[in-house]
1. Where residues in the stretch 108-127 are among the small types (G, A, S) and in contact (Cβ under 8 Å) with a residue 24 or more places away in the chain, which of them is nearest to R77 (Cα to Cα)?
2. If the Cβ limit is 6 Å and pairs must be 6+ apart or interchain, which residue in the stretch 182-198 that is without any contact (Cβ under 8 Å) to a residue 60 or more places away in the chain pairs with which residue that is small (G, A, S)?
3. Might you let me know whether the stretch 146-165 holds any residue that is farther than 30 Å from E112 by Cβ, in contact (Cβ under 8 Å) with a residue 40 or more places away in the chain and in a loop (DSSP other than H, G, I, E, B)?
4. Output the residue which, of all residues in the stretch 79-103 that are at pLDDT 90 or above and of a type in the set (A, V, I, L, M, F, W, C), is nearest to F140 (Cα to Cα).
5. Can you tell me how many residues within the stretch 19-76 are assigned to a strand (DSSP E or B), touching a Gly at 6+ places or on another chain (Cβ under 8 Å) and within 25 Å of Q109 (Cβ to Cβ)?
6. What are the residues in the stretch 171-228 that are part of a helix (DSSP H, G or I) and closer than 30 Å to I119 by Cβ, if any?
7. Those residues that are crowded, with 23+ Cβ neighbours inside 10 Å and in contact with a Ser or Thr (Cβ under 8 Å, 6 or more places away or on another chain), I need them from the stretch 11-56; list them, please.
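The values are calculated or read from the model by the stated rules, or taken from the named source; none is laboratory data. Note that this is a predicted model, so its numbers are computed, not measured. Using ideal geometry, Cβ is built from the backbone for each residue, glycine included, and neighbour counts are taken over all protein chains shown.
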Amino acid sequence: MNQPLNILIVEDEYITQKTISIFLKEIGYNVIGTAMNAEEALVYLKEHTVELALLDITIQGDKDGIWLANYIQEHYRIPHLFLTAYVDDTTIKNAIATNPYGYLVKPFQKAELFSAIEIAIMNFNKCMPSEKTKLPDYIFVKHHEVFEKVSLNTVLYVECQKNYLLLVTTDKEYRFRATITDFLCKLPNQFIKTHKGFIVNTHKIQSFNSSTIIVNNKSIPVSKTYKEAVLRKINISFVKA
């Protein structure tokens, strides 16, 4: 089941750590853990599924938030967002070198935190590799003000609704602003465009003919423009299955 993001908070100021945790829980995120130093953070990363890390740059111990960010970049495919009270040139330069997905200067308000998280997730989605074989098996999608990690295996189809996309999964539906062309680039090759307004997960097809595909009892059109490629793709998929 697709659930709100599991967020790890690495912050050695107890009041700030507690405040961030309360803010995140109030809006609906899951705080998977809080850590005062890099060693504690590494335990959470190893033992839990962390999907976003909020990292204070200056934390307890020999290893600071920048060291931790580099470790996360090397060993985990998750976005990280820096929290810091320091905005000097050296700190900013060292932080940028880790390729963070966001940067938030303390003190900050609740709305600023949520905006920074949204920007970080959007940047992470944009930075996903373009090679089909290297694409991840999930995507982050906003639902009721919080981002959820959506397994692509649960996606049935995507429908264009003017400036928005309707993403229909086996669990729920998501509606968000995006173009169908840009979104298709984030999907593995089991997904195919059948019409200017539809993308289908070929693994979820129930039946099909030259003009229609049935997914989850919904009829999805196959336009003349895409018919040849769609039928070739579907037939290959069905033969392999």
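1. Pass one, the stretch 108-127, residues among the small types (G, A, S): 111, 115-116, 120.
Within this subset, residues satisfying the condition of being in contact (Cβ under 8 Å) with a residue 24 or more places away in the chain are 116, 120.
On the way: A116: 19, A120: 13 Å.
Once the filter is applied, the top-ranked residue is A120.
2. The qualifying pairs are H195/S223.
3. no
4. It comes out as L81.
5. As a first pass, look at the stretch 19-76 and keep what is assigned to a strand (DSSP E or B): 30-35, 37, 52-56, 60.
Adding the requirement that they be touching a Gly at 6+ places or on another chain (Cβ under 8 Å) leaves 37, 55-56.
So of that shortlist, the ones also within 25 Å of Q109 (Cβ to Cβ) come out as 55-56.
Count: 2.
6. Our first condition is that a residue be part of a helix (DSSP H, G or I); within the stretch 171-228, this holds for 180-184, 202-204, 224-228.
The answer is I180, T181, D182, F183, L184.
7. The answer is E11, D56.
Residues are listed down the side, and each one gets a yes or a no for (1) aliphatic (A, V, I, L, M); (2) touching a helix residue (DSSP H, G or I) at 6+ places or on another chain (Cβ under 7 Å); (3) surrounded by fewer than 16 Cβ atoms within 10 Å (Cβ to Cβ):
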residue: D88; (1), (2), (3): no, no, yes
residue: T91; (1), (2), (3): no, no, no
residue: A97; (1), (2), (3): yes, no, yes
residue: Y101; (1), (2), (3): no, yes, no
residue: L104; (1), (2), (3): yes, yes, no
residue: P107; (1), (2), (3): no, no, yes
residue: I117; (1), (2), (3): yes, no, no
residue: N123; (1), (2), (3): no, no, yes
residue: K126; (1), (2), (3): no, no, yes
